[in-house]
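Written below as structure tokens is the structure these notes are about.
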Amino acid sequence: MHIAAFVAIGVAAAIGFTLYDFRDEFPTLPQICAHLPSPLTPARYADRIAPGQCPWEASFGFKKSFNGTFVSGLEVSRFCPDEASMDLTKCKWLSIDSQASLDFPALSEHLDNRAGGYAKFRVRFSGWESLWPGHHGYRGAYAGHVLVDRFGAVEPITLPSAQ
């Protein structure tokens, strides 16, 4: 599977170079990468990849299970695995789409209105972790990045008070 992905990247790059042969300038890496889809990122999270970021810079590993604490709010989406025990240097930025939180109304409701305050959840989910450490999430403050596929369990610890 990985070999096929790299072959596809090579073919797309070759096409890009050929198209640029008719221009006066040599293409830059961001120009090439802007036209390459990432074969290692699930399609439903394609919008989470920064514009111009090359597929090999935005690759995620195989799907695996995670357990830990999730803190969510305005500009915060922090997941600390159990083994990190809230050591912020080991916490990761969590990307969640509406499909992942579908079975948990308390979480879905909070995610729709993060400006209402911070919430803390005990979670179990499956997802894809970034293969590249450091500088993820809001202001690049997180050591890792995880794309959530599906939550298996969500237990609210604290929810924002109703206003």
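Quick rundown of the values:
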item	result
Cβ-defined net charge surrounding LYS64, 11 Å radius [Lys, Arg +1; Asp, Glu -1]	-1
Within-12-Å neighbourhood charge of VAL76 [Cβ basis; K, R +1; D, E -1]	+3
Contour minus Cα-Cα distance for ASN67 and TRP132 (0.36 nm per residue)	21.4 nm
17 Å Cα-Cα reach of LYS63 towards lysines, excluding residues that sit fewer than 8 places from it in its own chain	LYS92
Rg and Dmax [Cα atoms of the range 73-163; Å; Rg one decimal, Dmax integer]	12.7, 40
Sites GLU83 and ARG44, calculated FRET efficiency, Cβ-Cβ separation with R0 35 Å, nearest 0.05	0.80
Fully extended contour minus Cα-Cα distance, from ALA141 to ARG114, at 0.36 nm per residue	7.8 nm
Where the range 123-163 is the region considered: accessible area per residue in Å², 1.4 Å probe	58
Order of exposure, largest accessible area first, which applies to GLU75, GLU129, GLU83 with probe 1.4 Å	GLU83, GLU75, GLU129
Cβ crowding within 10 Å averaged over residues, with 140-149, 60-69 ranked highest first	140-149, 60-69
Fraction of accessible area attributable to carbon and sulfur, the range 62-163 (%, probe 1.4 Å)	53
Dipole magnitude of the range 104-163 about its Cα centre (Cβ charges: Lys, Arg +1; Asp, Glu -1), debye to nearest 20	140
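The values are calculated or read from the model by the stated rules, or taken from the named source; none is laboratory data. In this text the structure is predicted, and so the values were computed from the model without any measurement. Neighbour counts run over all protein chains shown; Cβ positions are idealised from the backbone, glycine included. Keep in mind that these areas ignore ligands, DNA and RNA; they rest on the heavy atoms of the full protein, side chains included. Shrake-Rupley method; radii C 1.70, N 1.55, O 1.52, S 1.80 Å.
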